[in-house]
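Quick note: the coordinates plus some simple rules give every number you see, no bench work behind them. Computed from a predicted structure; not experimentally measured. Here the Cβ is made from the backbone with ideal geometry for all residues, glycine too, and neighbour counts use every protein chain on show.
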Amino acid sequence: MKMQEIRVKAKALGINSFGKKKAELIREIQRAEGNFDCFGTARGYCDQMDCCFRDLCLAEGDEKRR
């Protein structure tokens, strides 16, 4: 997901995206949607099935482990 798409999602939730890094903004969106604010911390498994960032998060976690 591109940063512009994340900003659009944030705006729809009433979140100001100005000056925020990708992970920080995604974590705010996760909280607003009722999920844990855990983006990028997964270690190969995530039980937040309703989180729209789940696949991206798991990929980020894999990248950090390399």
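Spacing of the modelled spin labels on LEU56 and ASP37, each 7 Å from Cα toward Cβ, amounts to 1.7 nm. Dipole of the chain computed with +1 at Lys/Arg Cβ and -1 at Asp/Glu Cβ about the Cα centre; of ALA42, ALA59, PHE18, farthest Cα towards the positive end is PHE18. Basic side chains Lys and Arg get +1 at the Cβ, acidic Asp and Glu get -1 at the Cβ, and with that the dipole of the chain about its Cα centre reaches some 300 debye. MET49 sits among other residues whose Cβ lies under 13 Å from its own Cβ, and their net charge, with Lys and Arg +1 and Asp and Glu -1, is -3. Checking (i) 25.0, 82; (ii) 10.9, 32; (iii) 11.4, 35 against Rg and Dmax of the Cα atoms in Å calculated from these atoms, the matching label is (iii).
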